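The values are calculated or read from the model by the stated rules, or taken from the named source; none is laboratory data. Quick caveat, the model's predicted, so the values are computed rather than measured. Because the Cβ atoms are built from the backbone with ideal geometry, glycine has one as well, and the counts that use them run over all protein chains shown. Calculation scope for accessible area: heavy atoms of the full protein, side chains included, ligands and nucleic acids excluded. Shrake-Rupley method; radii C 1.70, N 1.55, O 1.52, S 1.80 Å.
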Amino acid sequence: MPEPIEVRKVPIKHVSDASGLAELIERGVIEADRVLAVIGKTEGNGGVNDYTRIIADRAFREVLTQLGTRSPADVREVPIVWSGGTDGVISPHATIFATLPREVAERTDEPRLTVGFAMSEQLYPEDIGRVAMVSKVADAVGQAMERAGITDPGDVHYVQTKTPLLTIHTIRDAKARGKTVWTEETHQSMDLSNGCTALGVAVALGEIDMPGDEDVMHRRDLFSAVASCSSGVELDRAQIVVVGNARGVGGRYRIGHSVMRDALDQDGVWEAIKDAGLELPDRAHWSDLDGRLVNVFLKCEASQDGTVHGRRNAMLDDSDVHWHRQIKACVGGVAAAVTGDPAVFVSVSAAHQGPEGGGPVAAIVDLGSEEPTGYRPPAR
């Protein structure tokens, strides 16, 4: 049985700041060697050349190395998933997952948070956007579920991934070996990598059957309701973090999920919070959360028909500001209005992640008997 999980959200005060992680370790809230995964938002442009992800990655790994006993090589294996771009009101932050010794965690037979991680086989540039990638991701999701102690796919509520995208260098590498790539547009390959990875998650969890190469980015009715996929230049394998619930684990946290049907679907966010186990009034307000919400994790996508709630928008036609940034700012505002906290994890490029024009939502709540660990906005 996996050990109980402690999960905390910390602010990132500047691009290379990891003081929130260091403070948790120094206060004894978590141990550096027990950190399982970090999922966070950095303040770069969110594109192919967003190096704030690399800077943040280095800062957090340096803290884990300096304040723990793991070797730098072992620390490099810890999944740290950064989503670049804090457009609008989204605030840079990191959510840290660590195990706790069983004897110090709250005991309960109720379902509680569990986390498993895995790394896929190497993903070659010619795999990206094709069934080879779907299959490698699906295998890794299965490994992560096993490590989390989850046997029923229905107990998985959030799968965060990080996968490689295509760069000029990797495209040249594939061609030099006589291979072809799905696209030579590096920015488009971000959407492609995310979407193909989501299909791998969906296959692993039995949400869909194995698709064909022709389905990738075209069959938008094929999707995962729990996948949150990100991509970047930092790695050549898929990092997989599976988050779900299991009985007998113990601890104070629980996760739930739902989907946003479109960019303005506040109900989808509230449904995820309620699915995690919080009892809320019918017309809840962020003040009703009272520090019980640790974080929400959302994916978003501009609807391909160019409308929201039947009204036309110009995101997909805008040549000045890419739609990635516009939809992220929009959904970030919606999520922050629900939670009362601008430090929400909102990631763009949601192909095959949730319904068309919407996206998955996961919520982690604190059900413990002690003072809640979530955020309370300052009094007005």
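Residue count for region 301-321 under the criterion of being surrounded by 15 or more Cβ atoms within 10 Å (Cβ to Cβ) and either of a type in the set (Asp, Glu) or farther than 17 Å from residue 358 by Cα (or both): the result is 1. If you go through region 331-380 and keep only what is within 13 Å of residue 259 (Cβ to Cβ) and assigned to a loop (DSSP other than H, G, I, E, B), you end up with 350, 352, 354, 355, 356, 357, 358.
For region 172-186, does any single residue satisfy the condition of being under 16 Å from the mean Cα position of the chain (by Cα), modelled with pLDDT under 95, open to solvent by 10 Å² or more (accessible area, probe 1.4 Å) and among the polar types (S, T, N, Q)? For region 172-186, residues under 16 Å from the mean Cα position of the chain (by Cα), modelled with pLDDT under 95, open to solvent by 10 Å² or more (accessible area, probe 1.4 Å) and among the polar types (S, T, N, Q): absent. For the residues 120, 135, the requirement of being within 22 Å of the chain's Cα centre (by Cα) and farther than 30 Å from residue 344 by Cβ singles out 135. When region 225-276 is examined, which residues are found to be open to solvent by less than 40 Å² (accessible area, probe 1.4 Å), of a type in the set (Val, Ile, Thr) and part of a loop (DSSP other than H, G, I, E, B)? Correct list: 226, 249. Only one of the numbered conditions (1) crowded, with 23+ Cβ neighbours inside 10 Å; (2) over 17 Å from residue 135 (Cα atoms) is not met by residue 152, and that is (1).
Would it be correct to say that residue 157 is assigned to a helix (DSSP H, G or I) and either in contact with a Gly (Cβ under 6 Å, 6 or more places away or on another chain) or open to solvent by 40 Å² or more (accessible area, probe 1.4 Å) (or both)? Here the answer is no, as residue 157 does not meet what is asked.
Scoring residue 375 on the criteria (1) on the phi > 0 side of the Ramachandran plot; (2) modelled with pLDDT of 95 or more; (3) of a type in the set (Ser, Thr, Tyr) leaves a single failure, condition (1).
A single member of 88, 116 is touching a residue at least 24 places away in the same chain (Cβ under 8 Å) and touching a Gly at 6+ places or on another chain (Cβ under 7 Å), and it is 88. May I ask you to verify whether residue 347 is surrounded by fewer than 22 Cβ atoms within 10 Å (Cβ to Cβ), within 26 Å of residue 244 (Cα to Cα) and of a type in the set (S, T, N, Q)? So residue 347 fails the test.
Among the residues of region 121-154, the ones that are more than 27 Å from residue 247 (Cα to Cα) and not in a loop (DSSP other than H, G, I, E, B) come to 8 in all.
Okay, residues lined up against (1) out of contact with any strand residue (DSSP E or B) (no Cβ under 7 Å at 6 or more places or on another chain); (2) open to solvent by 60 Å² or more (accessible area, probe 1.4 Å); (3) within 30 Å of residue 147 (Cβ to Cβ):
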position	(1), (2), (3)
18	yes, no, yes
21	no, no, yes
25	yes, no, yes
32	yes, no, yes
35	no, no, yes
40	no, no, yes
44	no, no, no
48	yes, no, no
52	no, no, yes
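Figure legend. Inter-residue proximity from region 30-56: first residues without any contact (Cβ under 8 Å) to a residue 40 or more places away in the chain and within 13 Å of residue 234 (Cβ to Cβ), second residues open to solvent by 10 Å² or more (accessible area, probe 1.4 Å) and not in a loop (DSSP other than H, G, I, E, B), beta-carbon distance below 7 Å, spacing 6+ or different chains. No pairs are indicated. Here residue 353 passes the criteria (1) of a type outside the set (A, V, I, L, M); (2) open to solvent by 20 Å² or more (accessible area, probe 1.4 Å); (3) within 26 Å of residue 216 (Cα to Cα) except the one numbered (2).
Residue-by-condition table, conditions (1) of a type in the set (Val, Ile, Thr); (2) at pLDDT 95 or above; (3) under 21 Å from residue 157 (Cβ atoms):
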site	(1), (2), (3)
294	yes, yes, yes
304	no, no, no
313	no, yes, no
324	no, no, no
327	yes, yes, no
330	no, yes, no
338	yes, yes, yes
344	yes, yes, yes
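Cβ-Cβ distances below 7 Å connect the following pairs, each with a first residue in region 266-287 that is on the phi > 0 side of the Ramachandran plot and modelled with pLDDT of 95 or more, a second residue that is of a type in the set (A, V, I, L, M) and open to solvent by less than 70 Å² (accessible area, probe 1.4 Å), and a separation of six or more residues or different chains: 277/365; 277/367. Summed over region 187-217, the residues that are surrounded by 14 or more Cβ atoms within 10 Å (Cβ to Cβ) and not in a helix (DSSP H, G or I) give a count of 7. When residues of region 67-114 are filtered for being over 18 Å from residue 11 (Cβ atoms) and either over 18 Å from the mean Cα position of the chain (by Cα) or open to solvent by 10 Å² or more (accessible area, probe 1.4 Å) (or both), how many remain? Residues that pass the stated criteria total 25. Pairs linking a residue in region 202-227 that is more than 23 Å from residue 188 (Cβ to Cβ) to a residue that is of a type in the set (Gly, Ala, Ser) and in a strand (DSSP E or B), with Cβ atoms under 6 Å and 6 or more positions apart or on different chains, are 207/224.
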